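J.: Sharing a structure below in structure tokens format, with a few things to ask.
No lab work stands behind these numbers, since they all come straight from the coordinates. Just so it is clear, the structure is predicted and the values come from calculations on it, not from any experiment. Every residue, glycine as well, gets a Cβ built from its backbone with ideal geometry; the counts of neighbours run over all protein chains shown.
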Amino acid sequence: MSEDYKDRKLTPAEKAGVTAALLMFFGVGMIMGGSAAGNNGLFWSGTGIFAVGSAIALYLLFKYKPKDEGDF
């Protein structure tokens, strides 16, 4: 296997996908924490953050086609 992958940079779509996943992860944590603590502000903030992350993920899903194995 070649060493080319070490010099590989992430594409903007891959960076956006990672950002969407992190937003959804933090959103779920805020939803769970807010509902457990009875803090509605934290709960609704978490739902908003999760909604933004899922909107980014849906945009990426419909805009970009899956990569072929040879594209790496």
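J.: Could you grab me the full set of residues in segment 31-40 that are assigned to a helix (DSSP H, G or I) and either touching an Asp or Glu at 6+ places or on another chain (Cβ under 9 Å) or of a type outside the set (Val, Ile, Thr) (or both)?
T.: Matches in segment 31-40: 32, 33, 34, 35, 36, 37, 40.
J.: Given (1) touching a residue at least 12 places away in the same chain (Cβ under 8 Å); (2) surrounded by 13 or more Cβ atoms within 10 Å (Cβ to Cβ); (3) not β-branched (Val, Ile, Thr), identify the lone condition not met by residue 5.
T.: Every condition holds for residue 5 apart from (2).
J.: Answer yes if at least one residue in segment 9-30 is in a helix (DSSP H, G or I), β-branched (Val, Ile, Thr), exposed (fewer than 15 other Cβ atoms within 10 Å of the Cβ) and without any contact (Cβ under 8 Å) to a residue 24 or more places away in the chain, and no otherwise.
T.: yes
J.: Additional query: Report the residue count in segment 49-72 for those that are surrounded by 11 or more Cβ atoms within 10 Å (Cβ to Cβ) and in a helix (DSSP H, G or I).
T.: Selection size over segment 49-72: 13.
J.: Please pick out the residue among 16, 57, 36 that is in contact with a Leu (Cβ under 7 Å, 6 or more places away or on another chain) and at negative phi. Show your work before the answer.
T.: On the way: 57 fails: in contact with a Leu (Cβ under 7 Å, 6 or more places away or on another chain); 36 fails: in contact with a Leu (Cβ under 7 Å, 6 or more places away or on another chain).
One residue alone meets the criteria, 16.
J.: Here are some residues: 34, 41. Which one is surrounded by 14 or more Cβ atoms within 10 Å (Cβ to Cβ), over 21 Å from residue 11 (Cβ atoms) and not acidic (Asp, Glu)?
T.: Being surrounded by 14 or more Cβ atoms within 10 Å (Cβ to Cβ), over 21 Å from residue 11 (Cβ atoms) and not acidic (Asp, Glu) holds for just one of 34, 41, which is 34.
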